[in-house]
Amino acid sequence: MPHVLLVDDEAPLCESLAYSLKKEGYEVTTASDGHSAIKQFHKQAPNVILLDLMMPEVDGMEVCWRIRAFSNVPILMLTAKDQDVDKVRGLEAGADDYVTKPFNTRELLARIKAVLRRHQGESA
Amino acid sequence: MSGYILWTFYAFFMQSRQTDLENWATALSESVADVLEEKDTQRVQSIVQRYGAPDNITLRVLDAQGSLLATSDPQTDRQITNWLPIPGVLDALRGRSVQGIAKGVLSTDDRLYIAKPMTRNGQMLGVLRISITLEQFQKQFVRVIWAILAALGLTTFVCTLVSDRLARSLSKPIEMMQNFAIRVGRGQFDDKLVIRQSNELDQLATELNRMSERLKSLDEERRAFLANVSHELRTPVSNVQVTIDALERGAVDEPELRDRFFQTIKEETKRLSGLIHDLLDLGRLEAGVTLLEIQAITLQSVISRAIRAMEVRMQAKNVTVQVDVDDLRVMGDSERLLQAFLNLLDNAIKYSNPNARIFIAASCNKQQALISIQDQGGGIPETDLPRIFEQFYTTSHSSKQSGVGLGLAIARRIIEAHGGSITASSKPGQGAIFTLSLPLES
Ligand SMILES: Nc1ncnc2c1ncn2[C@@H]1O[C@H](COP(=O)(O)OP(=O)(O)OP(=O)(O)O)[C@@H](O)[C@H]1O
Ligand SMILES: [Mg+2]
């Protein structure tokens, strides 16, 4: 069962999205800031990371950099910023995909499946 | 122009030469006539010799029949047998004095001549012909012409050079400025205009640079504002959407989750509508569309309304407020001022530690009421102080509990719309003091 690490400082989003993910059969761990995201990553070794871009202190971009330094786990950026520059920067930081808030849960699930499939294809 | 100058110069010179020659001829003809009357050919010859000069001046005396009596240039004249075709001679023999320019008798140089009849008592004694060469004068004149032409050429050259330089030194910076203005117009604010000239042009360049910088900062502000608005609107909408999706995916059947998720939707909707309110307020205040209903109001009543509204929150945090407000009447819109006080009080409570105290005081100087709101919280770092009144500015250390950063921006705009001012000061660890001024009832 794929394990998802969900990182977002918006508690309501974490809770609702975690529910939908679990319903879909994923194992879910949540983190509400950059530091605990990296901690949880080491502890849980998730198969995919959903990462909010804008968080206080250590933001999503930095988390992405740090994780990319030693792992090529699929990372999906979530962001409420809609500027193209941010999209590019997110992808440059090593994200595999990029979803703009507000998004549809169904669409997000489809994208998670896609990055997982792509990743498995690469590592196989 | 220069042709005209040269021509006048030439004409003047010729004229004076001719006058000289004429005076001369008149004087000489008198003395020659005297001698001729006495038929003293020898004397005639000696006079002619004395006044003639080999290269320049030739004097000749002819008798009434036109044959040569005396000449200052015997070498040449010996070869001539018939004097009548020589310019002026025939006319003079007929009694008319003639002046003009002609080639030399046997040479090719231009000469100025005069032929003068000499008469005594109506009797024709002979003709005096004087000619002077123009060769030297012409040579000199040619030299003068060359000198003038050279000077003229040089002047023209120098003028062209100077005016070209001048034109270039003017037109190049203007062209640069034009290009710069076009770039700024397109929204490229990054480059600077550099013009190294100490005149009005570089002042203009400085002003253009300043304008570009100002536009750049306005542009950046606008972008930042839009990015912030976008972020702050998208976040609650996204929370609501994901929560509704979760309910649809089955949470609705789990009573505990269902209640919590509905609560989330309620809160996020409230957050969204609060934000929309704030943004609209800000926009209206900014655009000056908000009409203030200004009237004399008592400061105490506005402040106690604000405190009453915050009572529940203060009790929750066990924060107390100490009020020391003089009985003052200010000119203002009570609803708007209430909003400003609420925002300030909200911050004071939010950034206070539990069990702390908040002090509100008001007094007045000559024209203004001065109100201060002081808390005992963590205070505001010095580096943040100048920026806290900006839209969406929140200090980086402030975490989730702080809002979006519109409270102070709105408060400032309200106070400024009243013709007042608001400032913040803070010493690290000793809380923050916000001081406002408002116009007193006159
Ligand atoms: N009394 C205070 N003590 C300490 N810091 C303060 C105080 N008032 C304001 N600040 C700082 O100034 C920032 C801007 O304040 P502002 O009221 O504009 O925004 P906010 O309180 O974060 O959000 P909002 O008021 O929109 O809910 C705050 O984020 C906070 O860091
Ligand atoms: Mg505030």
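The values are calculated or read from the model by the stated rules, or taken from the named source; none is laboratory data. Keep in mind that this is a model prediction, so the values were computed, not measured. Virtual Cβ from ideal backbone geometry, glycine too; neighbours counted across all protein chains shown. Surface areas here come from the heavy atoms of the whole protein model, side chains and all, with no ligands, DNA or RNA. Shrake-Rupley method; radii C 1.70, N 1.55, O 1.52, S 1.80 Å.
Within the range B:181-205, the set of residues being open to solvent by 40 Å² or more (accessible area, probe 1.4 Å), outside any helix (DSSP H, G or I) and aliphatic (A, V, I, L, M) comprises B:V194 only.
Residue by residue through the range B:313-356, note down the ones that are of a type outside the set (A, V, I, L, M, F, W, C), open to solvent by less than 60 Å² (accessible area, probe 1.4 Å) and within 13 Å of ligand 1 (Cβ to nearest atom).
Residues satisfying the conditions are B:Q339, B:N343, B:D346, B:N347, B:K350, B:S352.
Filtered by the rule that a residue be in a helix (DSSP H, G or I), among the charged types (D, E, K, R) and either closer than 25 Å to B:Q367 by Cα or more than 16 Å from ligand 2 (Cβ to nearest atom) (or both), the range B:304-339 gives B:R305, B:R308, B:E311, B:E335, B:R336. Within 12 Å of chain B (Cβ to nearest Cβ) and open to solvent by less than 30 Å² (accessible area, probe 1.4 Å), is that true of A:Y26? So A:Y26 fails the test. Only a single item in (1) in contact (Cβ under 8 Å) with a residue 60 or more places away in the chain; (2) more than 13 Å from ligand 2 (Cβ to nearest atom); (3) of a type in the set (S, T, N, Q); (4) under 16 Å from B:T423 (Cα atoms) is not met by B:N347, and it is number (2).
Results for (1) in a helix (DSSP H, G or I); (2) polar (S, T, N, Q); (3) out of contact with any Pro (no Cβ under 8 Å at 6 or more places or on another chain); (4) more than 9 Å from chain A (Cβ to nearest Cβ), shown as yes or no for each residue.
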| residue | (1), (2), (3), (4) |
| --- | --- |
| B:L226 | yes, no, yes, no |
| B:S238 | yes, yes, no, no |
| B:L247 | yes, no, yes, no |
| B:I265 | yes, no, yes, no |
| B:L291 | no, no, yes, yes |
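Are there any strands (runs of 3 or more DSSP E) wholly within the range A:15-124 with 1 or more residues that are in contact (Cβ under 8 Å) with a residue 24 or more places away in the chain and in contact with a strand residue (DSSP E or B) (Cβ under 9 Å, 6 or more places away or on another chain), and if so which?
Working: elements: A:27-31, A:48-52, A:75-79, A:97-100.
Of the strands (runs of 3 or more DSSP E) lying wholly inside the range A:15-124, those with at least 1 residues that are in contact (Cβ under 8 Å) with a residue 24 or more places away in the chain and in contact with a strand residue (DSSP E or B) (Cβ under 9 Å, 6 or more places away or on another chain) span A:27-31, A:48-52, A:75-79.
The residue that is farthest from ligand 2 (Cβ to nearest atom), among those in the range B:357-389 that are in contact (Cβ under 8 Å) with a residue 60 or more places away in the chain, farther than 16 Å from B:R308 by Cα and open to solvent by less than 30 Å² (accessible area, probe 1.4 Å), is B:A369. When B:T395 is tested against (1) modelled with pLDDT under 90; (2) more than 14 Å from every other protein chain (Cβ to nearest Cβ), only condition (2) is not met. Applying the set (1) more than 16 Å from ligand 2 (Cβ to nearest atom); (2) more than 16 Å from B:Q374 (Cβ to Cβ); (3) within 57 Å of the chain's Cα centre (by Cα) to B:L342 leaves exactly one unmet item: (1).
Could you list, in sequence order, all residues of the range B:403-423 that are within 12 Å of ligand 2 (Cβ to nearest atom) and closer than 13 Å to B:F389 by Cα?
So the first thing to find is which residues in the range B:403-423 are within 12 Å of ligand 2 (Cβ to nearest atom), and the list is B:403-412.
If the condition is that a residue be within 12 Å of ligand 2 (Cβ to nearest atom) and closer than 13 Å to B:F389 by Cα, then B:V404, B:G405, B:L406, B:G407, B:L408, B:A409, B:I410, B:A411, B:R412 are the ones that fit.
Evaluating B:L275 against the criteria (1) away from chain A (no Cβ under 11 Å); (2) open to solvent by 30 Å² or more (accessible area, probe 1.4 Å) leaves one unmet condition, (2). One residue stands out in the range A:1-23 among those that are within 7 Å of another protein chain (Cβ to nearest Cβ) and among the charged types (D, E, K, R): the one that is nearest to A:H35 (Cα to Cα), namely A:D9.
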